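Heads up, the thing below is written out as structure tokens.
The values are calculated or read from the model by the stated rules, or taken from the named source; none is laboratory data. Everything numeric in this text was worked out from a predicted model, so none of it was measured. All Cβ positions, glycine included, derive from the backbone under ideal geometry; neighbour counts span all protein chains shown. Each accessible area value is taken on the protein alone, full model and side chains, heavy atoms only, with ligands, DNA and RNA left out. Shrake-Rupley method; radii C 1.70, N 1.55, O 1.52, S 1.80 Å.
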Amino acid sequence: MKKLAGKSLVIVAALTAASASAALQIVPAPRKAVEGEGTFVCTGDVVAQVKFESDTAVPKEGYRLSVAKDGIKIVSSDEAGRFYALETLKQLAAKEGKDGVKVPCVEIEDSPRYSWRGLHLDECRHFFGKETVKSILDLMARYKLNRFHWHLTEDQGWRVDVPGYPDLVKYGAVRSASPRHGEKAYTGTKEDAAKLNGVRYGPYYYTEADLKEIVAYAAARHIQVVPEIELPGHVYAALAAYPQFACCPENLSSREPRLVWGIEKDVLCLGNDEAIKFMENVVDWVCKVFPGDVVHIGGDECPQIRWQSCPKCQARIKKEGLGDHNGLQPWITRHFVKFLADRGKRTLGWDEYLLGDIPKSAMGMSWRESRSGAGHELVSGAAAATRGHDVVMTPCSYCYLDYGQGLGDDPFLYIGGKVTLERCYSFDPCAGVPDDAKSHILGGQGNNWTEYTWNEYDLAWKVWPRMLALSEVFWLGEAKPGFADFKKRAAVQRSWLVSHGVNCAPIE
Ligand code: ACM
Ligand code: ZN
């Protein structure tokens, strides 16, 4: 028996690789834990009985948690660390029975490997609403995730009511029909048009007050909301409201978002100063509503075909000396990187937007793993980090939660692909990144694209338990204890999730 800091704790196991004990069924596993003998028992609110201390030596977002028979102590250097210690405590505390709440005696020292531990939600293809978003934020906090990437504008829907632009939601937030449940309709062909359900979808959107409510709810859980306003592609819903901002306004005569899924060819006319002023006004408003330091401007999958024959775009290329249409997207990216920097924000975008001469201050979100996507050359996350960009790793074959999960029996529809729970757990955000560029890898994120995700039950099934695995990857990095160990703890978490009304998929 060994005494720890004068307390009568028995070292059962240091919880590092593959050694989770029966009592510590928590996710993500703590970095270091030494179990003691016995339990702390109390009636009523456990948190109210915690003694808090501050120590600047504790890493950012990290904490030390001591549970002894006679009391609980939390030491941290910041509010986030204190918050995560309490989340750990909540997972440790057994349900209150007739003897009160029981917490196993333990000494934990914990801190995250990555500063960006994200979850993304596309509310444009399908809309989930404030209550679902809040419940996602609650679960993100439980599993120590700290970035909510909110995909709010798309070809198929515009979901924010921007003051001064009422037509954005009048035209952009409602579809007259969507692909029928179980049908994969991507193109505007007659065959795909026949797969539409004829049911009006929307109008669905958030007001400024709604957005501020969510931002505050997230902040109380140490989660930063990262808004995404897509440009210059994936803007068809905005163009439905303001066709004059397209290269070919006549293509927008129906005045409604794209009804089928897939990438729209009509994009923002970058030769039109009014179109750029419109986007500036939207982004300026976004900067005021979302206090975080990062704004995502999309940049993925932007076809250039309209720019090639648009006189205004061609005039811009000439005036700015951009060479040809390939120079337009880097030009608008540079423009918004500066526009956002002038407002104290960093710019984030999907990896396509890193192509060309882009300032190092621009952050990348790496999702593609091969050369593909609207003719854009691949800039891999490793290449971007090597060039000096900060990067969030979200490679589709590990982090796309709209990909199939390989379950024996699964009632839900997926976009394709296969990302099993074990595959998520095997993710290493720094894989393939040279050592001297690893400091640019901020972390990772699970992405929920929602073409085939209709409601909160479907969404929860796709997110959980895979997001449990990713949360452990983002928190522990290479110190994760291993899949077999994780699976046991994930099963305990699944019971908790299901008992709290979350439609968590089986652990397989
Ligand atoms: C993406 O999946 N188009 C970023
Ligand atoms: Zn144009």
Just the accessible area per residue of the stretch 388-439, please: how many Å² with a 1.4 Å probe? 41 Å²
I'd like to compare 127-137, 350-360: which one has the highest average count of other Cβ atoms within 10 Å, and what's the full order after that? 350-360, 127-137
For ALA431 and LYS418 in one chain, what is 0.36 nm times their gap in residues minus the Cα-Cα distance, to one decimal in nm? 2.7 nm
About the Cα centre, and with charges only on the beta carbon of Lys, Arg (+1) and Asp, Glu (-1), how big is the dipole of the chain? Nearest 20 debye, please. 760 debye
Once the whole set of protein chains is in place, how much accessible area is left on TRP449, using a 1.4 Å probe, in Å² to the nearest 10? 20 Å²
Setting aside same-chain residues fewer than 8 positions from LYS98, which aspartates and glutamates have a Cα under 17 Å from its Cα? ASP45
Net length gained if the chain between GLU377 and LYS130 were fully extended (0.36 nm per residue, minus Cα distance): 85.2 nm
Exceeding the 30 Å Cα-Cα cut-off - candidates LYS195/LYS418; LYS288/LYS438; LYS212/LYS462; LYS60/LYS480: LYS288/LYS438
Loop-only check: which trypsin sites (Lys or Arg not before Pro) in the stretch 154-229 are DSSP coil with at most 11 other Cβ within 10 angstrom? ARG200
Which aspartates and glutamates have a Cα less than 17 Å from the Cα of LYS51, not counting those fewer than 8 places away in the same chain? ASP70, ASP78, GLU79, GLU87, GLU107, GLU109
I need the calculated FRET efficiency for the pair GLU320 and VAL199, taking r as the beta carbon distance and R₀ as 51 Å, to the nearest 0.05. 0.70
Signed unit charges on C-beta, dipole axis of the chain, positive-most listed residue ALA193, VAL267, ALA341: ALA341
Given the protein chains as shown and a 1.4 Å probe, how many square angstrom of VAL160 are accessible, to the nearest 10? 0 Å²
Given a 1.4 Å probe, the accessible area of the stretch 154-263 per residue, as a whole number of Å², is 39 Å²
Within the chain, what whole-number % of the accessible surface is contributed by carbon and sulfur, with the 1.4 Å probe and all protein chains included in the calculation? 52 percent
What residue among PRO112, TYR206, HIS325 has its Cα farthest toward the positive end of the dipole of the chain, where the charges are +1 on Lys, Arg and -1 on Asp, Glu, each on the Cβ? PRO112
Rough spin-label spacing in nm, given labels placed 7 Å along Cα→Cβ, for ASP410 and ASN455: 2.1 nm
Can you give the helix-only mean residue ellipticity at 222 nm for the chain, where every DSSP H stretch with n ≥ 4 adds -39500 (n - 2.57) and the sum goes over all residues, rounded to the nearest 500 deg cm²/dmol? -8500 deg cm²/dmol
Cα lying deepest toward the dipole's positive end in the chain, options HIS151, ALA237, GLY404, charges on Cβ: GLY404
Tell me whether the stretch 18-91 comes out rounded, prolate or oblate; compute the Cα gyration tensor, take square roots of the eigenvalues as a ≥ b ≥ c, and use a/c under 1.5 as the rounded threshold. oblate
